[in-house]
Each structure stands twice: as C-alpha cells, then as structure tokens.
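**Q** Following this message is one structure expressed as structure tokens.
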Amino acid sequence: MKMARGTLYLMIAEVMFVLSGWAIHIVAGRILGKNFYGVFVLLLTLLTQYRIFLASGVHRAVAKYISEDPRFAPAVRRQALRLQFIAGWALCGLVWVIAPSLARLWQNAELVGYIRLTGFFFPIFGLYSVYRGVLNGMKLFGREALVSIVYSLLKVLFLFVLIHYYGIAGAVTGYLVAIVGGMFLARFLAPSGSGETGAPFPIMRIVRFAVPVMLFSFIISLIQNIDLYFIRALIPPPGTDSANSYYGCAQQFSKIPYMILFALSMTLFPNISSLTARPGGKQKAAQTIRKSLRAGLLLVLPVSCLIGGASSNLIEWVFPTINGGGDALRVLIFGQTLLSFLFILTTILTAAGRPWLSFSLVGVTLGIDVILNYLLIPAYGITGAAAATTISSAVGAIAAAGAVRRNFRALVVPSSAVKITIASAIVFWLTLLINPARWMIPPVFLLLWAIYILLLLVFREIDKNDWQMLKSLIIKKAS
C-alpha cells in the first residue's frame, strides 16, 4: 500500500506538471501566434532533452544506491553533486558551440541566441535531480511530489510574467528561474541521512550505472521529439513554422499517457531495485510487475482512446488560434501510449540491473523511428511523422515485453489485457460516434469514462481488491 500511496502522490505531481504545461502552451499559443509558437515548442523540446540527458542517469543511480542501503545516502549525494556540477557546465559550453549548426539545420539563423540561452538549464537541473534522487531513494514520495508541484507552479508564474515582456526569450528565462527555486526547495527537503557508514562511495560506481541509464532516457525522450525535429528539417518554407505548430499541438495532447505512467515508473524503480537486491525477492518483484502493468493499462488506454476519438475537436477547442494537427494526433496518441509502456518495461529491466539491455532496446526503436521519419514525412507530412513514432514504439514495446517476460516470468494476465482493450475500443468508437465539440467535451468524456468502468464491471475485470486499493489511496487507515 505504501507503493500505491507513493504512486498517487507522484501522479498528482505529474498531473500538476501536465496542467502547468497545458497552461503554458495555451497562453504561449495565444500570445506568440501560429508562426512563433512552433519555435517556442522546438526550444521546449531542447530543454526536455537537456533535462533527460543530465538528470535521469544520476537521479536513477542516486535513488538505486540509497534505496539499497540508506547508510550511504550522504556519501552518494556528495559524489553525485560533484559529478553533476562538472558535467552541467561542460554541457552548457557545448550548447554554445553547436548552437549555430542547429540553427542552420532548422532553417532559422535567429535561433542561435535562444538555443544558447537554453544551455544554462544544464547545471541547475543537474543539482535539482540529485536532491530529488535522494528523496526518491529514501521513498519520501510525498516530499518529492511537493518539490515537483512547486516547480510546476513557479514555472507557470515566471513564464506568464516574462513572456509578455520578452517573448520567446522571456519564456525560456521563466523556466530557468523556476528550476532555481525548485532546486533550493529540493535541497531543503532532502534529509542529510543517518547511520552513515563512514566509508566513501566510489564516484565511478555512479558513473557506470548512470551512463547507460542516461543514454537510455535521452533516447526515449529523443523518440518523443525527433519527429518534430525532422518536420522542421524536411518540410520546406514557408510551411515549416505552421507544420511545427500543428504538430506541437498534437504532441501536447499525445504525451498525457506518458506523463501519467511516468509517476508509476518513479515508484516502481526503487521498489524493483530493492526487491531484486534481496535473496528470493524476484518472485515478489514479479508480482509487483503484474499489478503495476495492469494498473497502467487500466488507466492510460481509455484516456488515449478518448483523446484519439476527439482529436480534431480537442485541438480546435484548446488551441483556436492554431487549429491543426487533428489527424496526426489520432495516430500519435497511440504511438505515445506504446512508448510509455516501452519506458515502463525498460525501467523494470534497468532497476533489475540490466541498464544496457534497456539502452539497446530503445536504441533499436530510435533507429527504426529515424528511418521511418525520413521516409514518411516527405510523402505524408505530419501524419507520416506520427505514423513513424507509432510503428517504431510498437516494435520496441513488444521487444521489451519479451525481455521482461524472460527475466521475471511476469506481464499483464492475457485475459485482463483483452478485457481492458475491448472496453477501451468501445470508448473510442463511442467518442467518434458522438463527436463532442468545445464545452461538451468534458461532460461527454466523464460519461464515457463511467461507461468504461461499467464495462469492466460487466467483464468482471474490476474486483474487490481494486476497490480496496482505491479506498486505501483516499482514506488513510488508522494505525
């Protein structure tokens, strides 16, 4: 139940993260317009790539080694902070050097200054990720969620103020100021640790684990965004900026399943890591995997079907000044759903000490995605980009599921997967049939969600154990 409650805390934080992102994109779309909004989305994807590249590997390493033996927490934190400080400033310098080349590739010389400004995100987020890794490794999920929520709120506040005065440069600066605030809060909430062993923790141990995890996470993020980069490079002017804006809108909706399951990965990782480190813990880990994958499928598949079924109307309602990309979203939402399960499955493998296997799986997926983007975008435009992501993510998810099955003898029970898929497909068909528009979308979505729950009850897929877990998340039991 502790893992379930921790997942709820982090899921709330991810919801806040998603909502803050929505608020930022909606306001930016209205202020910047169709032409400049595409540039804004491009820069945000760069910030995401930086965050993933520098933060994920060391964050996971800190969480892993602290969760395995909390006595090493102070030593692990010291070494990780040293590593992130050096790497962060080195990568910031690298961004300054390659900025002109990126601007030429993306057919806009004015991007150089904006790209260089994003480089300062590296050193700040590196330190932030270490403190969040400490909280995650000690399983202080409530504090970790609080840090994420405060960062999301600061991001909205500063961006809203600065974008009015300084446009795109103000938007990027708002992100930088917000992460500084988040870093100081995470440092304040991260405990210094107790019962320290006194023995130094080898920094190379962090590096050896962090490098494949870092590369893995960077590639996962690249799969999410490389279609946007190909659109920018392959669609010639004057349609480049409009295509970027349309696809940016589609991406904003399609990443919702990934954000939801990211919270699950944050609690699943330290639990699988600690279980597999114990003698005889693999059986318990297999049980945790079955429950977690089923819960993820129950939650995200109907969400994806609702978004896919109402794709064009959703974009028209939320982004009226841009209003494009509905056909791409209908395909991309399922690609991002498959990618989110690829992420969960490879997170399990990484937590079990197989980071290079995870890296190999996502590396192959990226290679397929690159080839398909190059072939499909010239012929089918942004819908071709969405198809490339969907096909490659399907291949990667199937391969990762096979690897987890071989290592743990555990996946979603086939009968459960079939029932959830059928119920979600019915929801998708009803959404297409009703075709809700504008302010009718929320009530129709609620109605269809209720129908989904009813179908699961009819199929006997939801039982008393599910209700008991839901109750435990809402009502804290007396000790």
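The values are calculated or read from the model by the stated rules, or taken from the named source; none is laboratory data. Computed from a predicted model, the values in this text were never measured in an experiment. A quick note on method: Cβ atoms are made from the backbone with ideal geometry, for glycine too, and the neighbour counts reach across all protein chains shown.
**Q** Restricting to segment 252-273, count the residues that are part of a helix (DSSP H, G or I), modelled with pLDDT of 80 or more and not polar (S, T, N, Q).
**A** Within segment 252-273, residues that are part of a helix (DSSP H, G or I), modelled with pLDDT of 80 or more and not polar (S, T, N, Q) number 6.
**Q** Determine which member of the set SER152, SER129 is in contact (Cβ under 8 Å) with a residue 60 or more places away in the chain, of a type in the set (S, T, N, Q) and closer than 25 Å to SER273 by Cβ.
**A** SER129
**Q** Within the group LEU264, LEU185, which residue is within 23 Å of the chain's Cα centre (by Cα) and either free of Cβ contacts under 8 Å to residues at least 60 places away in the same chain or over 28 Å from VAL76 (Cβ atoms) (or both)?
**A** None of the other options fit; the residue is LEU185.
**Q** Taking ALA145 as meeting all but one of (1) closer than 25 Å to ALA87 by Cα; (2) of a type in the set (A, V, I, L, M, F, W, C); (3) under 18 Å from the mean Cα position of the chain (by Cα), write down the number of the exception.
**A** Exception for ALA145: condition (1).
**Q** Applying the selection to segment 353-375, what residues are crowded, with 20+ Cβ neighbours inside 10 Å and over 19 Å from the mean Cα position of the chain (by Cα)?
**A** LEU372, ASN373, listed by residue number.
**Q** Sort through VAL300, VAL318 and tell me the only one that's over 26 Å from THR276 (Cα atoms), surrounded by fewer than 22 Cβ atoms within 10 Å (Cβ to Cβ) and in contact (Cβ under 8 Å) with a residue 40 or more places away in the chain.
**A** VAL318
**Q** Quick check on ILE371: is it closer than 27 Å to PHE209 by Cβ, modelled with pLDDT of 85 or more and not polar (S, T, N, Q)?
**A** No, not satisfied.
**Q** In the set SER245, SER274, SER217, which member is in contact with a Ser or Thr (Cβ under 6 Å, 6 or more places away or on another chain), farther than 30 Å from LEU454 by Cα and either buried (at least 24 other Cβ atoms within 10 Å of the Cβ) or free of Cβ contacts under 8 Å to residues at least 24 places away in the same chain (or both)?
**A** SER217
**Q** Right, here's the next one. Considering only residues that are closer than 16 Å to GLU68 by Cβ and assigned to a helix (DSSP H, G or I), look in segment 277-300 and name the one that is nearest to the chain's Cα centre (by Cα).
**A** The selected residue is ALA285.
**Q** Right, next: Inside segment 96-126, can you point out the residues that are closer than 19 Å to ARG232 by Cα, part of a helix (DSSP H, G or I) and either in contact (Cβ under 8 Å) with a residue 40 or more places away in the chain or touching a Ser or Thr at 6+ places or on another chain (Cβ under 6 Å) (or both)?
**A** Within segment 96-126, LEU105, LEU111, GLY113, TYR114, ILE115, THR118 qualify.
**Q** Which members of segment 47-61 meet the condition of being farther than 17 Å from GLN79 by Cβ and either outside any helix (DSSP H, G or I) or in contact with a Gly (Cβ under 9 Å, 6 or more places away or on another chain) (or both)?
**A** The answer is TYR50, and nothing else.
Residue-by-condition table, conditions (1) within 28 Å of VAL39 (Cβ to Cβ); (2) in a helix (DSSP H, G or I):
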{"position": "PRO238", "(1), (2)": "yes, no"}
{"position": "ALA250", "(1), (2)": "yes, yes"}
{"position": "LEU275", "(1), (2)": "no, yes"}
{"position": "VAL303", "(1), (2)": "no, yes"}
{"position": "ASN313", "(1), (2)": "yes, yes"}
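**Q** When the residues of segment 70-109 are narrowed to those that are over 30 Å from ILE231 (Cα atoms) and polar (S, T, N, Q), which ends up surrounded by the fewest Cβ atoms within 10 Å (Cβ to Cβ)?
**A** Per the stated criteria, the residue is GLN79.
**Q** If you go through segment 440-472, how many residues are at pLDDT below 75 and either surrounded by 12 or more Cβ atoms within 10 Å (Cβ to Cβ) or assigned to a helix (DSSP H, G or I) (or both)?
**A** Qualifying residue count, segment 440-472: 9.
**Q** Confirm whether GLY167 is surrounded by 18 or more Cβ atoms within 10 Å (Cβ to Cβ), part of a helix (DSSP H, G or I) and modelled with pLDDT under 90.
**A** Against the criterion (surrounded by 18 or more Cβ atoms within 10 Å (Cβ to Cβ), part of a helix (DSSP H, G or I) and modelled with pLDDT under 90), GLY167 does not qualify.
**Q** So which residues in segment 382-430 are among the charged types (D, E, K, R) and crowded, with 19+ Cβ neighbours inside 10 Å?
**A** Hit for segment 382-430 is LYS419, nothing else.
**Q** Now for a separate question. Conditions: (1) surrounded by fewer than 23 Cβ atoms within 10 Å (Cβ to Cβ); (2) part of a helix (DSSP H, G or I). LYS64 meets all but one. Number of the miss?
**A** (1)
**Q** Now a separate question. In the list VAL147, VAL112, VAL161, which residue meets the criterion of being crowded, with 17+ Cβ neighbours inside 10 Å, out of contact with any strand residue (DSSP E or B) (no Cβ under 6 Å at 6 or more places or on another chain) and aliphatic (A, V, I, L, M)?
**A** From the options VAL147, VAL112, VAL161, the qualifying one is VAL147.
**Q** Also, quick follow-up: Would you confirm whether or not segment 126-143 contains a residue that is buried (at least 16 other Cβ atoms within 10 Å of the Cβ), modelled with pLDDT under 85 and either closer than 17 Å to LEU44 by Cα or among the charged types (D, E, K, R) (or both)?
**A** Yes, because at least one residue in segment 126-143 is buried (at least 16 other Cβ atoms within 10 Å of the Cβ), modelled with pLDDT under 85 and either closer than 17 Å to LEU44 by Cα or among the charged types (D, E, K, R) (or both).
**Q** Can you say whether LEU339 is buried (at least 16 other Cβ atoms within 10 Å of the Cβ), among the hydrophobic types (A, V, I, L, M, F, W, C) and closer than 24 Å to PRO270 by Cβ, as far as the supplied structure shows?
**A** Spelling it out, LEU339 is indeed buried (at least 16 other Cβ atoms within 10 Å of the Cβ), among the hydrophobic types (A, V, I, L, M, F, W, C) and closer than 24 Å to PRO270 by Cβ.
**Q** Of the residues that make up segment 188-198, is at least one modelled with pLDDT of 85 or more and in a helix (DSSP H, G or I)?
**A** Yes; the residues of segment 188-198 include at least one that is modelled with pLDDT of 85 or more and in a helix (DSSP H, G or I).
**Q** Would you confirm, using the coordinates I've provided, whether PRO378 is out of contact with any helix residue (DSSP H, G or I) (no Cβ under 9 Å at 6 or more places or on another chain) and of a type outside the set (A, V, I, L, M, F, W, C)?
**A** no
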